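Report on one structure; see the data block that follows.
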Ligand code: MG
C-alpha cells in the first residue's frame, strides 16, 4: 500500500535570525521568523509525512506554545515525525519539494540540503528532490517578505 501526503508552509523573513532550510544554514542577511528554527522546507516535509499517514499536522505534534520547541532544530522534529510513521508501519519512498524565495539564490545549496534530508530520512539522495524558484517579484515571497515551501511525500506500508 502506498500513501501520498502534501505539505505547505510559509514563514516571514526578518533581520537578526539565521536562515535554515532543510537543516542547512544558508548565508543571508535575514532569516525566517518562528518559534522553532523556522525551517520552512523541513516543516513542509514534516506535514507531508504526517499527511501521508493521516496523522494530523505539525502544529498538533509540535505546538508553538511549548517552550521546549523554542528555537528547536526542525531536523530533530522531522526525526520524531519519522519515528511516528515508522511505528505505524510506513517507510518513505520519495520526497519532492519546492522552496519559493526571491533571494538568496538557493541553487548552490540544494545538493547540501538534499544530502541533509537524505541522511535524516535514511533514504538515498536519489529519492530526495528539492527545487528552488523565485516568485517573479510578486506576492509576499516575491517582495522578500516571506519564504514558502511545498512538499509531497510518498509512503509505503511494508
Ligand atoms: Mg512552520
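The values are calculated or read from the model by the stated rules, or taken from the named source; none is laboratory data. Keep in mind that what you see is a predicted model, and the values were worked out from it rather than measured. Note: ideal-geometry Cβ built from the backbone for every residue, glycine included; neighbour counts use all protein chains shown.
Brief remarks on what is shown
- Whichever residue in segment 1-12 is more than 13 Å from the ligand (Cβ to nearest atom) and either within 15 Å of the chain's Cα centre (by Cα) or over 21 Å from residue 125 (Cβ atoms) (or both) and, among such residues, is surrounded by the fewest Cβ atoms within 10 Å (Cβ to Cβ): 1
- Taken over segment 86-107, the criterion of being under 21 Å from residue 146 (Cβ atoms) and surrounded by fewer than 21 Cβ atoms within 10 Å (Cβ to Cβ) is satisfied by 98, 103, 104, 105, 107.
- All helices (runs of 4 or more DSSP H) inside segment 23-142 with 3 or more residues being in contact (Cβ under 8 Å) with a residue 24 or more places away in the chain: 40-52, 74-87, 110-121, 139-142
To keep it simple, each residue is scored yes or no on (1) surrounded by fewer than 14 Cβ atoms within 10 Å (Cβ to Cβ); (2) touching a strand residue (DSSP E or B) at 6+ places or on another chain (Cβ under 7 Å).
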{"residue": "84", "(1), (2)": "no, no"}
{"residue": "109", "(1), (2)": "no, yes"}
{"residue": "119", "(1), (2)": "yes, no"}
{"residue": "129", "(1), (2)": "no, yes"}
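- Note on segment 20-37: among residues that are within 14 Å of the ligand (Cβ to nearest atom) and within 14 Å of residue 145 (Cα to Cα), the one that is modelled with the lowest pLDDT is 34.
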